[in-house]
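Visitor: Sharing a structure here in structure tokens format.
Just so it is clear, none of the values below were taken in a lab; they were calculated from the coordinates. These figures come from a predicted structure and were not determined experimentally. Note: ideal-geometry Cβ built from the backbone for every residue, glycine included; neighbour counts use all protein chains shown.
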Amino acid sequence: MKQITLGLPPELVDALDHLCGRNEDAIGDVLRAALRKDLRNRAKARADRLGVQLAPLREDVSRDLADAADWDDLKARLWAKGYSLARRGGGLSIYDRSGNHLCNGADLGHSYARLMRRFGQPIAPRGVMSAMSMTAVPCATVPTAQQRRAIDPHTGLGTRTMYLADSDQASRARAS
């Protein structure tokens, strides 16, 4: 057992002395029981609060979390509903389009570890594109560097778009 030192106000020390005498083991038992009870109550209150707060979000995305075939599919499904997904700490977080953290995947019953096992790989870190995130777009002219930058609709991160142009057109554009 780990030893800790608590600073208590005099009235709590007096109450513990009155209840337990000077028996330090009894005081420790009372404090441990009180802490256990308080922690259980706080955990239940948090779960109840999250249950109420997250009910609309859970209802909105639970089918997507359950049915997605892979990370790209899950990101696309969530993005279509106004959410994004990213690793945060050791888990997975869901954000609104403004970047506000809404909850963790585990809060919705889908932990990062569980999704990783299902999809067979971790989600790509921020700034790393998967092959599905790159888009091929036919174009009439070779675009500028600024035009080639785009926002990945799955992650909200900046990506590069590949443009397909015939080699004669690309050569003419470079010559001018």
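Visitor: Just flag the trypsin sites (Lys or Arg not before Pro) in the stretch 12-103 sitting in loop per DSSP whose Cβ has no more than 15 other Cβ atoms within 10 Å. Provide the component values of the computation, followed by the final result.
Guide: Values: sites: R22, R32, R36, K37, R40, R42, K44, R46, R49, R58, R63, K75, R77, K81, R87, R88, R97; in loops: R22, K81, R97.
Sparse-neighbourhood loop trypsin sites (Lys or Arg not before Pro): R22, K81, R97.
Visitor: How high is the FRET efficiency from R97 to E59, r the C-beta distance, R0 22 Å, rounded to 0.05? Present the calculation step by step, with values, prior to reporting the outcome.
Guide: Details: r = 19 Å, r/R0 = 0.85.
Here the calculated transfer efficiency is 0.75.
Visitor: Can you tell me the mean projection area, over all orientations, of the convex hull of the stretch 1-91's alpha carbons? Units nm², please. Walk me through the numbers before you get to the answer.
Guide: Details: hull surface 39.1 nm².
Here the figure is 9.8 nm², rounded to one decimal.
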